[in-house]
Amino acid sequence: MDVILLERVEKLGAIGDVVKVKDGFARNFLLPNKKALRANEANRKVFEANRARIESDNANRRGEAEKEAVAFKDASVTLIRQASNTGQLYGSVAARDLVDALVADGHKVTKSQVVLDKPIKSIGLYDVRVALHPEVAVTVKVNVARSPEEAEMQASGVDVMASMFERDEAGFIEDYDPNAEPGATAEVQPEAEEQVQG
């Protein structure tokens with residue numbers, strides 16, 4: 001289906017472009033959200049008659065989004081979640097969780113503005129894009145951790161998972177006797193040798 005874009009759509013085109021899209025994408029997304037018109041003669045005339053107004057409305061919305069983008073400078077969100085010892089989350093961090101955290105920080109964001117390519121499923125630092133307008137996007141740092149202390153460590157640049165495994169290796173190491181019988185421990189071995197000699 002050919003459509004006339006009423007606003008810039010990522011990976012498609014800018015205002016006024018006539019592009020060919022799949023029928024389902026046009027019917028289910030572009031047309032209901034008023035991002036495009038069907039490309040026929042009547043709609044082309046309507047678009048050309050209203051082009052100046054559409055472009056000025058878009059410029060106004062872009063200007064507001066750019067002002068809002070200033071508030072997002074160095075924006076970061078810390079989310080405390082339960083996770084396994086390997087850092088895998090029980091569940092995942094979705095766009096809704098990020099919207100709730102950003103709104104709590106005083107930003108105006110909707111779920112459709114958060115561009116999350118795939119759900120966040122492990123602890124760590126992530127950069128998430130927030131599209132305030134089709135032409136204005138900001139990056140928000142998301143810190144997913146198991147505790148506020150862990151979040152502070154991650155924010156200061158410490159790889160929490162790597163440091164945790166280093167700590168484990170430095171712990172208790174059992175003495176290994178290659179001649180010991182299977183299942184025997186290092187403490188039991190000397191006693192067994194004394195009984196054999198006596």
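Out of contact with any helix residue (DSSP H, G or I) (no Cβ under 8 Å at 6 or more places or on another chain) and either within 30 Å of Ala14 (Cα to Cα) or at pLDDT 90 or above (or both): is that true of Asp105 in this structure? It is false that Asp105 is out of contact with any helix residue (DSSP H, G or I) (no Cβ under 8 Å at 6 or more places or on another chain) and either within 30 Å of Ala14 (Cα to Cα) or at pLDDT 90 or above (or both).
Ala71 - would you say it is touching a residue at least 12 places away in the same chain (Cβ under 8 Å), under 22 Å from Val130 (Cα atoms) and not assigned by TED's automatic domain parsing to the domain that holds Leu116?
Values: touching a residue at least 12 places away in the same chain (Cβ under 8 Å): yes; under 22 Å from Val130 (Cα atoms): yes; not assigned by TED's automatic domain parsing to the domain that holds Leu116: yes.
It is true that Ala71 is touching a residue at least 12 places away in the same chain (Cβ under 8 Å), under 22 Å from Val130 (Cα atoms) and not assigned by TED's automatic domain parsing to the domain that holds Leu116.
Being farther than 26 Å from Ala14 by Cα, in a helix (DSSP H, G or I), touching a helix residue (DSSP H, G or I) at 6+ places or on another chain (Cβ under 8 Å) and β-branched (Val, Ile, Thr) is a description that applies to Val99.
Can you tell me which residue in the stretch 117-139 is surrounded by the most Cβ atoms within 10 Å (Cβ to Cβ), limited to those that are among the aliphatic types (A, V, I, L, M) and closer than 18 Å to Arg81 by Cα? The qualifying residue surrounded by the most Cβ atoms within 10 Å (Cβ to Cβ) is Ile123. Cβ-Cβ distances below 6 Å connect no pair with a first residue in the stretch 29-42 that is assigned by TED's automatic domain parsing to the domain that holds Glu55, a second residue that is assigned to a helix (DSSP H, G or I) and among the hydroxyl-bearing types (Ser, Thr, Tyr), and a separation of six or more residues or different chains. Taking the numbered list (1) in a strand (DSSP E or B); (2) loosely packed, with under 12 Cβ neighbours inside 10 Å in turn, Thr78 passes all entries but (2). Taking Asn85 and the conditions (1) in the same structural domain as Pro134 (by TED's automatic domain parsing); (2) touching a helix residue (DSSP H, G or I) at 6+ places or on another chain (Cβ under 9 Å); (3) surrounded by 12 or more Cβ atoms within 10 Å (Cβ to Cβ), which numbered condition does it fall short on, given that it satisfies the others? Tallying (1) in the same structural domain as Pro134 (by TED's automatic domain parsing); (2) touching a helix residue (DSSP H, G or I) at 6+ places or on another chain (Cβ under 9 Å); (3) surrounded by 12 or more Cβ atoms within 10 Å (Cβ to Cβ), Asn85 fails exactly one: (3).
The values are calculated or read from the model by the stated rules, or taken from the named source; none is laboratory data. Everything numeric in this text was worked out from a predicted model, so none of it was measured. Quick reminder, even Gly has a Cβ in these numbers, built from the backbone with ideal geometry, and neighbours come from all protein chains shown.
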